[in-house]
Amino acid sequence: QVQLVESGGGLVQAGGSLRLSCTASGRFFYTMGWFRQAPGKEREFVAAISVTVGKIDYRDSVKGRFTISRDNAKSTMFLQMNSLKPEDTAVYYCAAVHSILVLTTARDYNYWGQGTQVTVSS
């Protein structure tokens, strides 16, 4: 049984940092990603990483501030978020897919975590 479990969300002031973690169990995934969803908005791509092709992708608004990484030995993915802004406030979801490609659309992902709340105060 596949499970994705996120942790690391919380409340932080603008300009602060948070580190999200996602641990996958039940299967090794070549490609994993982070998405977020703010109230009243659609779920949007944040970052993705494919260990097979060694590629990473970010949405433009987080480039230079967020860093995605993986510890394959522990089947864990991380999202280091620096210089946080109030507009980064959302529920952040970990996702995984049976693909070697770096995918940026939510519907392409097969498995999802339960989400972790990130709130950035101004």
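The values are calculated or read from the model by the stated rules, or taken from the named source; none is laboratory data. What you are looking at is a predicted structure, and each value in this text was computed from that prediction instead of being measured. A quick note on method: Cβ atoms are made from the backbone with ideal geometry, for glycine too, and the neighbour counts reach across all protein chains shown. Areas reflect the complete protein model, heavy atoms only, side chains present, ligands, DNA and RNA absent. Shrake-Rupley method; radii C 1.70, N 1.55, O 1.52, S 1.80 Å.
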Quiz prompt | Among (1) of a type in the set (Val, Ile, Thr); (2) farther than 26 Å from Ser99 by Cα; (3) open to solvent by 60 Å² or more (accessible area, probe 1.4 Å), the one test that Val12 misses | solution = (3)
Practice problem: Kindly indicate whether Thr104 is closer than 30 Å to Gln13 by Cα, among the β-branched types (Val, Ile, Thr) and touching a strand residue (DSSP E or B) at 6+ places or on another chain (Cβ under 7 Å). | Solution: yes
Exercise. Please specify each residue of segment 55-90 satisfying the condition of being in a loop (DSSP other than H, G, I, E, B) and free of Cβ contacts under 8 Å to residues at least 60 places away in the same chain.
Key: Arg59, Lys63, Gly64, Arg65, Ser75, Thr89
Exercise. Please list, ordered by first then second residue, the pairs with beta carbon atoms under 7 Å, 6 or more apart or interchain, first in segment 3-30 and among the β-branched types (Val, Ile, Thr), second surrounded by fewer than 19 Cβ atoms within 10 Å (Cβ to Cβ) and part of a loop (DSSP other than H, G, I, E, B).
Key: Thr23/Ser75
Practice problem: With respect to Thr104, determine if the residue is within 13 Å of the chain's Cα centre (by Cα), surrounded by 15 or more Cβ atoms within 10 Å (Cβ to Cβ) and outside any strand (DSSP E or B). | Solution: yes
Quiz item: Can we say Thr67 is modelled with pLDDT of 95 or more and open to solvent by 40 Å² or more (accessible area, probe 1.4 Å)?
Solution: yes
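When you check Phe28 against the structure, is it of a type in the set (Phe, Trp, Tyr) and loosely packed, with under 13 Cβ neighbours inside 10 Å, yes or no?
On the way: of a type in the set (Phe, Trp, Tyr): yes; loosely packed, with under 13 Cβ neighbours inside 10 Å: yes.
Considered against the rule, which asks whether it is of a type in the set (Phe, Trp, Tyr) and loosely packed, with under 13 Cβ neighbours inside 10 Å, Phe28 comes out as yes.
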Self-check item: Checking Thr119 against (1) more than 18 Å from Val53 (Cβ to Cβ); (2) surrounded by fewer than 14 Cβ atoms within 10 Å (Cβ to Cβ); (3) hydroxyl-bearing (Ser, Thr, Tyr), the condition it does not meet
Solution: (2)
Exercise. Sort out which residues of segment 43-82 are more than 18 Å from Val5 (Cβ to Cβ) and among the β-branched types (Val, Ile, Thr), and write them in order of number.
Key: Val51, Thr52, Val53, Ile56, Val62, Thr67
Practice problem: Examine segment 78-87 for a residue that is modelled with pLDDT of 95 or more, open to solvent by less than 10 Å² (accessible area, probe 1.4 Å) and out of contact with any Cys (no Cβ under 9 Å at 6 or more places or on another chain), and state whether such a residue exists. | Solution: yes
Quiz item: Does Leu20 meet the test of being among the aliphatic types (A, V, I, L, M), modelled with pLDDT of 95 or more and either open to solvent by less than 40 Å² (accessible area, probe 1.4 Å) or more than 22 Å from Ser122 (Cα to Cα) (or both)?
Solution: yes
